[in-house]
Amino acid sequence: MDFETAMLLKRNLVCELLDEGSQLSVEARRSPHYRPLHPLPPGTGLALGVTGLPTGGYGIAIRIQEDTQPIRDLAALIAKTVHGEVDVRVIGRVRAHGAAINASLPLRPGLSVSHPKCYAGTLGAFVSVGSEGGLFAISSNHVLAASNRGRTGDMILQPGRPQGRPPKNRIGSLHDFMPLLPPAKVNTLDAAICRLDQVPVHAHWSPIGCVSRVTSPRYGVEVEKIGKTTDRTRGFIKTVDLAVFGLDYEIGSLRFDEVIEVQSLDGPFSRKGDSGALVYTAESGEGVGLLFGGRLRPPDRGPAVSYACRLDAVLNYFNARLLTSEELLS
């Protein structure tokens, strides 16, 4: 199937699994393999997205987080419903990456940062916000806003906890965040933004200089990120528009949609503490996502995966834009 068809089918499958009104095609419903999909409870260990297939074209990515017989039966039923155009993998539970490194100035993306109430993640990128003056930085909600516990004006530390100590390691203050929604609702972003104090910053912080442009995620594109734990790593976009029915946070198992799945090319793409890192295309240096979670490869369960929310959606939410090296130097 083509990309648009796969995207529509994925969304309709999600609607049916969540009992939100399905619009599966007449052809799909007439399939001899079709069975109604029963609604899933919050936190179910399953994810659905769109991915490329070895045979060409696109299909439905099925990611099994809890390797139980009921989940395998459900995955098999979905596969039959879409005539086998699927990529099924058992990956284990996926968790938000959040936990620490040396103080470092000038400040640059890839360094350890955190709210005083949580463990360290990664500074993602420098941005401006609307018509407001000053310099801002983006990362994950669970890094800068302590999973909704933070308040506007709270100090942000570099390095983050446990190394960072307030107020000694203050670099700025929490400006805004997209609240993480409870399990019964759907999240699309794990993101927050802080206003930086007058601290020195690096204008050329990545191997390609400064990431200042944004593009939409596309299947198969090679990407990089610079995180506080694993530094610079490379992978490729394996799945786009992934709906995750259970992703583990300290505040519960949350639902996400519109997630980008990145598969590593050499070792894990990310580890604990890399949340908030900017994911950008390896060749053109365009930002595509903000990393927020992942799963290391367990025995006999396929490759490690990392999850990112769409960067364009993050920037739109905060009315922000990436800054060029010239703007950072001015």
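Which one of these does Leu265 not meet: (1) over 30 Å from Asn148 (Cβ atoms); (2) among the hydrophobic types (A, V, I, L, M, F, W, C); (3) in contact with a Leu (Cβ under 8 Å, 6 or more places away or on another chain)? Leu265 satisfies all of (1) over 30 Å from Asn148 (Cβ atoms); (2) among the hydrophobic types (A, V, I, L, M, F, W, C); (3) in contact with a Leu (Cβ under 8 Å, 6 or more places away or on another chain) except (3).
The residues of the range 188-224 that are β-branched (Val, Ile, Thr), over 25 Å from Asp257 (Cβ atoms) and open to solvent by 50 Å² or more (accessible area, probe 1.4 Å) amount to a single one, Ile208.
Residue by residue through the range 77-93, note down the ones that are closer than 19 Å to Gly246 by Cβ and either among the charged types (D, E, K, R) or open to solvent by 20 Å² or more (accessible area, probe 1.4 Å) (or both). Matches in the range 77-93: Leu77, Val88, Arg89, Val90, Arg93. Each residue in the range 222-260 was checked for being under 16 Å from Thr122 (Cβ atoms) and not in a strand (DSSP E or B), and 3 of them qualify.
Take the residues in the range 231-240 that are surrounded by fewer than 21 Cβ atoms within 10 Å (Cβ to Cβ) and not basic (Lys, Arg); name whichever of them is nearest to Lys272 (Cα to Cα). Per the stated criteria, the residue is Asp231.
One residue is enough: does the range 156-163 have a residue meeting the conditions in contact with a Phe, Trp or Tyr (Cβ under 8 Å, 6 or more places away or on another chain), open to solvent by less than 40 Å² (accessible area, probe 1.4 Å) and within 25 Å of Gly49 (Cα to Cα)? Within the range 156-163, not a single residue is in contact with a Phe, Trp or Tyr (Cβ under 8 Å, 6 or more places away or on another chain), open to solvent by less than 40 Å² (accessible area, probe 1.4 Å) and within 25 Å of Gly49 (Cα to Cα).
Restricting attention to the range 284-330, the residues being among the charged types (D, E, K, R), at pLDDT below 95 and in contact with a Pro (Cβ under 8 Å, 6 or more places away or on another chain) number 1.
Yes or no, residue by residue, for (1) modelled with pLDDT under 95; (2) open to solvent by 20 Å² or more (accessible area, probe 1.4 Å); (3) touching a strand residue (DSSP E or B) at 6+ places or on another chain (Cβ under 9 Å):
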residue	(1), (2), (3)
Arg108	yes, yes, yes
Val127	no, no, yes
Ser139	no, no, yes
Ala146	no, no, yes
Asp154	no, yes, yes
Pro167	yes, yes, yes
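Taken over the range 189-238, the criterion of being of a type in the set (Ser, Thr, Tyr) and in contact with a Gly (Cβ under 9 Å, 6 or more places away or on another chain) is satisfied by Ser206, Ser212, Thr215, Tyr219, Thr229, Thr230, Thr233. Note on the range 312-326: residues that are touching a Leu at 6+ places or on another chain (Cβ under 9 Å) and closer than 12 Å to Val127 by Cα amount to 5.
Scanning the range 174-187 for residues that are open to solvent by less than 20 Å² (accessible area, probe 1.4 Å) and either assigned to a strand (DSSP E or B) or under 15 Å from His115 (Cα atoms) (or both) turns up Leu174, Asn187.
With the condition kept exactly as written, say whether any residue in the range 287-307 is of a type in the set (S, T, N, Q) and crowded, with 19+ Cβ neighbours inside 10 Å. Yes, some residue in the range 287-307 is of a type in the set (S, T, N, Q) and crowded, with 19+ Cβ neighbours inside 10 Å. Residues in the range 45-73 that are at pLDDT below 80 and crowded, with 17+ Cβ neighbours inside 10 Å: Gly45, Leu46, Ile64, Gln65, Ile71.
Please work out if Val211 is part of a loop (DSSP other than H, G, I, E, B), within 19 Å of Phe292 (Cα to Cα) and among the β-branched types (Val, Ile, Thr). Here the answer is yes, as Val211 does meet what is asked.
The values are calculated or read from the model by the stated rules, or taken from the named source; none is laboratory data. The model shown is predicted, which means the values in this text are computed figures rather than measured ones. Every residue, glycine as well, gets a Cβ built from its backbone with ideal geometry; the counts of neighbours run over all protein chains shown. Ligands, DNA and RNA are excluded from the accessible area calculation, which covers all protein heavy atoms including side chains. Shrake-Rupley method; radii C 1.70, N 1.55, O 1.52, S 1.80 Å.
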